[in-house]
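Quick note: the coordinates plus some simple rules give every number you see, no bench work behind them. Values in this document were obtained by computation on a predicted structure and should not be read as measured data. Quick reminder, even Gly has a Cβ in these numbers, built from the backbone with ideal geometry, and neighbours come from all protein chains shown.
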2 protein chains.
Amino acid sequence: MIKLNSILKLNKLVNNTTLIKSYSSKVIPLTKDRYTYLQRNPSYKSLEDSDLAHFKTIVGEAGIQANLNDVSELESHNADWMGVYKGSSQCVLKPNSTQQVSEILKYCNEKKLAVVPQGGNTGLVGGSVPVFDEVILSTNRLNKVRSFDNVSGVIVSDAGCILEQLNQYLEPEGYMMPLDLGAKGSCHIGGNLATNAGGLRLLRYGSLHGTTLGLEVVLPDGTILDNLSTLRKDNTGYDLKQLFIGSEGTLGIITGASVLTPKIPKSVNVALLGVNSYEDVQKVFRNVRSDLLEILSAFEFMDIDSFKVALKHSNLPNPLSETYPFYVLIETHGSNMDHDQEKLGLVLENLLTEGLALDGTLAQDQTQIGKIWSIRELIPEAIQHLGKPYKYDVSIPLPDLYNVVQIVKSKLADKGHYDPTGKNTDALIREVCGYGHIGDGNLHLNIVAKEASPKVNEILEPFIFEVVQTFQGSISAEHGLGLQKAKFIQYSKSPTMIKTMQSVKKLLDPNNILNPYKYLPATN
Amino acid sequence: MIKLNSILKLNKLVNNTTLIKSYSSKVIPLTKDRYTYLQRNPSYKSLEDSDLAHFKTIVGEAGIQANLNDVSELESHNADWMGVYKGSSQCVLKPNSTQQVSEILKYCNEKKLAVVPQGGNTGLVGGSVPVFDEVILSTNRLNKVRSFDNVSGVIVSDAGCILEQLNQYLEPEGYMMPLDLGAKGSCHIGGNLATNAGGLRLLRYGSLHGTTLGLEVVLPDGTILDNLSTLRKDNTGYDLKQLFIGSEGTLGIITGASVLTPKIPKSVNVALLGVNSYEDVQKVFRNVRSDLLEILSAFEFMDIDSFKVALKHSNLPNPLSETYPFYVLIETHGSNMDHDQEKLGLVLENLLTEGLALDGTLAQDQTQIGKIWSIRELIPEAIQHLGKPYKYDVSIPLPDLYNVVQIVKSKLADKGHYDPTGKNTDALIREVCGYGHIGDGNLHLNIVAKEASPKVNEILEPFIFEVVQTFQGSISAEHGLGLQKAKFIQYSKSPTMIKTMQSVKKLLDPNNILNPYKYLPATN
């Protein structure tokens, strides 16, 4: 067991494995060719030399990358990191001030040039790359910390600051960002906010709707909405910033943010438990939430299939002596190592005595902590090796969370698409497994097909969304809607909600220039 | 020192002193007569018998209280509890279902009948009572808990549930509401949400923007916005519920809410410190935040004047041996009494050794905890005995928070309105003192005049708001805008922000029937 001055080193060990840019290894088809239901909106202007010339007057030579005839040099901005979505924008703009963003949007709004805002381009649903020829507005050069107050812990920064760099800035001050996710080495805080990123420790540090104190946003007409408050309490009018958190760049472009940061914990502990049933996973959660109350920082679960595939792929030894139907990872963040270990030790003892945990291990040092987290963190990558994974990131009320996996398994088996015994080698689906953040009700449902095909798509969608709807779940817990799920929002939101959202979109972006074709069904 | 199974008993001891209905003891002037700049909007219809008859078909006899000719019997709904604001509504509607609220609003919207939503009517800024003859829609009969999940801690309830009753419902389950405030015995959860109530432990449990998972809201045209999610993570579209949190009933009427509740802590501790300067108060906060990290639940401060007046009024003995320029109250919520006391003891020892605290005491039992909280909680009431208090509830970035009190004191003294020595008995201002929630940057600035007069008003406003603006503070930290501060919002929000808010108001309430004359400057 270790006393850490900082958990940052730990995070670096375990979190940076997932984001490997893959678009250079193959030719990515254009989104418009793959999804033929998409049609370029003819009311958008096409880029001309005069537009580029005007942009240069705003951002200078250093702030523009453009080619009207050959978009190949813009590939890293046109394609997403998974190599699934690709647009054909002829122009990437990299403003270095809020004023420049304002002038760009004002011009684009007047000319009806469509714009896609882009942060670290680490999204999973195709939200940060163009569909057709939208102008890309990158926040790459908006990368300054504006202020930090060591007493309140409030940091104000540009939107293009990389999450990990903000952590590095905060570390000597004894603070850390309230969110943590695999993409931290590339993602921008502006993108985190625009997509309402959740991550591993939302359970403890809360959502960005709670930790964001202020935003600076440029509206589609160029208006700068200056709501960059550093106050925790401010009841003077509608909390407009909330509209932009999770709006995926469809209402405005976030250029600055004020975030309340927590102190770096002085002690970190991790335990792994083997559990007999999902019923018991819930009981463990209830007990742990009660007994570790203030120090609990993560409560993750994996089913046996997820666990096995991660072990196999990573060549890590099983930290427990046997295999169990479910695994639970418990992490604590606290201020006193002795206290935390005593609490955690007592909880584990009780869980074992009561039979709620069948087996368990408490990490003894940083390496062991890293190994246990690795198993959980490597699942997404490991699954890629089984075939073509179809990944669903859903929220389900806790009592029914794992029911979703069971129902999906049994319905796919009933129809002959999946054979849990593995004997039917003709079955299109090889594996169905579930893992995720129990503390947040967030299930990562992974379905691995032998190979990608329209038939598999047809089998899974909207079937999965229908199951999620049955339990009043969300078809997107944390990844967002982007292009991928825009057409499925009705499985999680009523027509009234969607209509009201559309009216808000129309109010703030009447020309519909921001991030079109995504997020919401078009109104016309 | 005590082990509490529940902090609820404690809360009852210390929190219920403030809300004493005072309107029965004197004749309250009508708001429209006191604030002559207010004019009834002639485009609103006046109530007629036919309207009352229609309302009866919706809510039945039990759901309506009305008299077109004599409004005196509606006094408890027309006047606020402070006896400052009074309208002359002829009709109070008490629907007992969301559907009834919908039918009422649909009718009022078509007829252009103005409506004021009313919860527990415990507000401080005149937001929950009519200005003229608006129909009052009370949430009194929307008072059922709809569901509670003991694993996730999510409670779904009607908007008219009283905060304390929700706590009583949750107590046997081991949970409590995430907010706590003086008015808990009367205020409705719907009103808490509509005003984004903060309270004593926002520092620990976060704001309602973070803890509210879903809302059911009836829009002005009767549309029911069904966003009553129980999910912690849901990234499917704009987070519309956030617009209604803190909108003070101007965009829609909240009829149901889904809230994430924390576990009741197993141990509660309270300490009181004497501190030499505001500079040191900040240092104490920084150290305490670091060393008590996960167990800190409140960090309150009082200046010597606030402290003295509370002691005098309450006849409580000074828990410390001497008087000091500043006092700090530290509370912890944790799961292990021994651990918490060890941490707190060590912190106090260090603070005393370093000279950051000049003196300190740790409550030894529930009575002592109650007494220390009482001093802090009795300040508002005690101040009333010095003269006519003018209360300002402001947020200021921490480094400058107490500067505001100093500047106000010195400027008032410079102009001869205030004599800190008390020798000039002609001075209009008798006392200027500050206390509040350091953890939230929330200052309660109290200015006591010899008596209320237009001259005092003129001296203080907009002067106080100008000082707050200098520090980029908020003129309303937690009390809201209501009628009182609607005309001062520009001191905390830019014209662009106000204009955008007005456009949102117009979008959702085009006929402006909900809670008129308040919150925002009128657009026409």
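Exposure proxy ranking for B:Tyr519, B:Tyr402, based on other Cβ atoms within 10 angstrom of each Cβ and starting from the fewest, stands as B:Tyr402, B:Tyr519. For region B:133-149, the Karplus equation 6.51 cos²θ - 1.76 cosθ + 1.60, evaluated at θ = phi - 60°, returns couplings of 10, 4, 5, 8, 10, 8, 8, 3, 8, 9, 10, 9, 7, 8, 6, 8, 10 Hz by residue, with Gly and Pro reported as x.
What's the FRET efficiency of B:Glu48 with B:Ala522 using the Cβ-Cβ distance as r and R₀ = 30 Å, to the nearest 0.05?
Details: r = 25 Å, r/R0 = 0.85.
Given R0 = 30 Å and the Cβ-Cβ separation, E is 0.75.
Label points for B:Glu322 are taken 7 Å from Cα along Cα→Cβ. From this copy to the others they lie 6.8 nm apart, shortest first. Each part reduced to its alpha carbon centroid, region B:265-297 and region A:234-276 end up 25 Å apart. Annotation for A:Asn403 and B:Val145: the two label points, set 7 Å from Cα along the Cα-Cβ direction, are 2.2 nm apart.
Summarising the rotation from chain B to chain A, the nearest chain B beta-carbon to the axis and its distance in Å are given as B:Gly210, 1. Hydrodynamic estimate: the Kirkwood radius of the protein assembly as shown over Cα pairs, inserted into Stokes-Einstein at 25 °C and 0.890 mPa s, corresponds to D of 81 µm²/s. Simple rule: put +1 on each Lys or Arg Cβ and -1 on each Asp or Glu Cβ in the protein assembly as shown, find the dipole, and look at B:Trp373, A:Leu30, A:Ser152; the Cα lying farthest toward the positive end is A:Leu30. Under 5 Å between amide hydrogens, built in the peptide plane, is the criterion, and for B:Arg430 it picks out B:Val448, B:Ala449, B:Lys450 among residues at least 5 positions away or on other chains.
Take each residue in A:238-250, count the other chain C-beta atoms within 10 Å of its C-beta, and the mean is 6.
Annotation: aspartates and glutamates with alpha-carbon distance below 12 angstrom to B:Lys388 (same-chain offsets under eight excluded): B:Glu431, B:Glu451. Positive end of the charge dipole of region B:376-524 (Lys, Arg +1 and Asp, Glu -1 on Cβ, about the Cα centre): tell me which of B:Val456, B:Phe488, B:Met501 has its Cα farthest that way. Positive-end residue among those listed: B:Met501. A straight chain from B:Glu342 to B:Thr36 at 0.36 nm per residue would run longer than the Cα-Cα distance by 104.2 nm. Region A:456-513 and region B:312-339 have their alpha-carbon centroids 51 Å apart.
Around the Cα centre of region B:387-510, unit charges on the Cβ atoms of Lys, Arg, Asp and Glu (plus for the first two, minus for the last two) sum to a dipole of about 300 debye. Only helices enter this figure: runs of n ≥ 4 DSSP H residues, each worth -39500 (n - 2.57), summed and divided by the residues of chain A, yield -9500 deg cm²/dmol at 222 nm to the nearest 500. Expressed as a whole percent, the proportion of Cα-Cα pairs in region B:387-510 lying more than 17 Å apart is 59%. Label points for A:Lys56 are taken 7 Å from Cα along Cα→Cβ. From this copy to the others they lie 7.9 nm apart, shortest first. Normalised by the number of residues in chain B, the mean separation of alpha-carbon contacts (under 8 Å, six or more apart) gives a relative contact order of 15 percent. Roughly how many whole Å is it from the C-alpha centroid of region B:142-171 to that of region A:62-123? Cα centroid of region B:142-171 versus Cα centroid of region A:62-123: 48 Å apart.
For the listed residue pairs A:Lys184/A:Lys241; A:Lys184/A:Lys485; A:Lys32/A:Lys415, the alpha carbons are over 25 angstrom apart in A:Lys32/A:Lys415.
For chain B, taking the reciprocal of the average inverse distance between every pair of different Cα atoms yields a Kirkwood hydrodynamic radius of 24.1 Å.
Can you give the mean number of other chain Cβ atoms that lie within 10 Å of the Cβ atoms in peptide A:291-298? All intermediate terms of the calculation are to be shown ahead of the outcome.
Values: counts 4, 4, 12, 18, 7, 2, 1, 0.
Mean number of neighbouring Cβ atoms from other chains: 6.
Within region B:340-360, which residues have the backbone N less than 16 Å from the label spot 7 Å out from A:Asn350 along Cα→beta-carbon, could you tell me? Counting only backbone N, you get B:340. Label-point spacing at B:Asn67 relative to the other copies reads 8.3 nm, in ascending order, each point sitting 7 Å out from Cα along Cα→Cβ. If the label point is 7 Å along Cα→Cβ of B:Gln469, which residues in region B:487-524 have backbone nitrogen under 11 Å from it? Zone members listed by number: B:488-495.
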